[in-house]
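I have placed the structure first, in the form of structure tokens, so that the comments after it can refer back to it.
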Amino acid sequence: MAHAIPLVPRALVQKASRRYIAGNTVGEAVARIGKLNALGCSATVDVLGEVVADLRQAERTVDEYIEVLDAIHANGLDANVSVKPSALGLLLDEARCEQNLLQIVHAAARHDNFVRIDMEDADCTQREIEMFGRLRPKHSNVGLVLQAYLQRTYRDIEPLLGQGRNLRLCKGIYVEERWHLVDDAWRDRRAINAHFLHHVGRCFDTGTFVGIATHDAALINAVTELAHRRKIDGSRFEFQMLLGVCEPLRGRLLQAGFRVRIYVPFGKDWYGYSTRRIKENPQIAGYLMRAMLTR
Ligand code: FDA
């Protein structure tokens, strides 16, 4: 799942991606969340890692998430967690993955906290939607992510809508390198924005809380206009952004009184996440050049 950046040494990827990652330890993540909370942002914490090679690794990830949830509670932080099922063994043993996820959901419930299931690539989409469908009726503190670039989202979203439900919408990141495997993905960026906005509208229509995960200023404007037109209260949605991305835009949203949540990844398994962020960065060449020169 982690696609390497050709010809770029691992050490440089690490250097260029420091701005996107809160550190290696729970303590570093806690310190960063404290700063974000002080700025007025809430957070969602991601223990870095995806597609485990064995189930023991998945169990260690569960323990780390429980430690994070305890630390959030102990430090009185405004933060929840985001989880990638592939890091809990989804592609090795679905039943064990669900048990692992349940342990995290129970730990979150003990602290009156919430677990977001991140949406991964085409190998995981159906399984993650089904797993969420099994968990949600018994556990109200779980939410799912849907990707606007998938045509199937029009079908997937409908049974997930309603009062008390909580979704995150994003454009989607995984397909680009595997278009040939995904036959129902839109590629045109403008069209993806229109679909994204449609799904936000469905959340607004149905009283579903929605996390709007994007740094796209035009899309954010379209969402705020839609909310204004439909008289949607600011407590019914939030903007979500990645740590280290578009901080001036984040500041403007906070200043305008919108809720903003920052995705805070930390941990030793940084490579897959870092390569995705670096590839999305429009100044990528500049960062890598600077990193090479200051090595
Ligand atoms: P777009 O890619 O058009 O970027 C808009 C602008 O933002 C760019 O022009 C640039 O200025 C800036 N920008 C974006 N990325 C940057 C970077 N790395 N460095 C510097 N500037 C950058 N995807 C998924 O498939 N499953 C998931 O569960 C999630 N979860 C998720 C949570 C949160 C909180 C966010 C913000 C995003 C995700 N994503 C995700 C990723 C999402 O699908 C998408 O790939 C990225 O957010 C980039 O798309 P934008 O909507 O920001 O627009």
If we ask which residues in segment 218-251 are over 23 Å from Asn80 (Cα atoms) and either of a type in the set (Lys, Arg) or at pLDDT below 95 (or both), their number turns out to be 3
Conditions first: (1) touching a residue at least 40 places away in the same chain (Cβ under 8 Å); (2) under 20 Å from Arg116 (Cβ atoms); (3) surrounded by 23 or more Cβ atoms within 10 Å (Cβ to Cβ). Val81 passes all but one, so which condition is the exception?
(1)
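What do you reckon, is Cys170 touching a residue at least 40 places away in the same chain (Cβ under 8 Å), away from the ligand (no atom under 15 Å from the Cβ) and within 20 Å of the chain's Cα centre (by Cα)?
It is false that Cys170 is touching a residue at least 40 places away in the same chain (Cβ under 8 Å), away from the ligand (no atom under 15 Å from the Cβ) and within 20 Å of the chain's Cα centre (by Cα).
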Tell me which residues, restricted to segment 34-71, are crowded, with 19+ Cβ neighbours inside 10 Å and either more than 23 Å from Met119 (Cα to Cα) or not assigned by TED's automatic domain parsing to the domain that holds Gln99 (or both).
Leu36
For segment 238-260: of the residues being under 13 Å from His215 (Cβ atoms) and among the basic types (Lys, Arg), which is nearest to the ligand (Cβ to nearest atom)?
Arg250
Among the residues of segment 261-281, write down those that are within 8 Å of the ligand (Cβ to nearest atom) and of a type in the set (S, T, N, Q).
Asn281
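Scan the helices (runs of 4 or more DSSP H) fully inside segment 6-110 and keep the ones with 1 or more residues being more than 18 Å from the chain's Cα centre (by Cα) and over 26 Å from Ser140 (Cβ atoms).
10-16, 26-39, 55-74
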Which residue out of Glu59, Glu98, Glu28 is touching a strand residue (DSSP E or B) at 6+ places or on another chain (Cβ under 9 Å), away from the ligand (no atom under 16 Å from the Cβ) and charged (D, E, K, R)?
Glu28
Restricting segment 116-129 to residues that are under 18 Å from Ile104 (Cβ atoms) and not hydrophobic (A, V, I, L, M, F, W, C), the residue that is surrounded by the fewest Cβ atoms within 10 Å (Cβ to Cβ):
Arg127
Filter segment 207-233 down to the residues that are in contact (Cβ under 8 Å) with a residue 12 or more places away in the chain, away from the ligand (no atom under 15 Å from the Cβ) and not hydroxyl-bearing (Ser, Thr, Tyr) and list them by number.
Gly207, Leu226, Ala227, Arg230, Ile232
Whether any residue in segment 147-168 is modelled with pLDDT under 95, closer than 29 Å to Asn113 by Cα, β-branched (Val, Ile, Thr) and outside the structural domain of Lys279 (by TED's automatic domain parsing) is what I want to check.
no
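The values are calculated or read from the model by the stated rules, or taken from the named source; none is laboratory data. None of these values were measured; they are calculated from a predicted model. All Cβ positions, glycine included, derive from the backbone under ideal geometry; neighbour counts span all protein chains shown.
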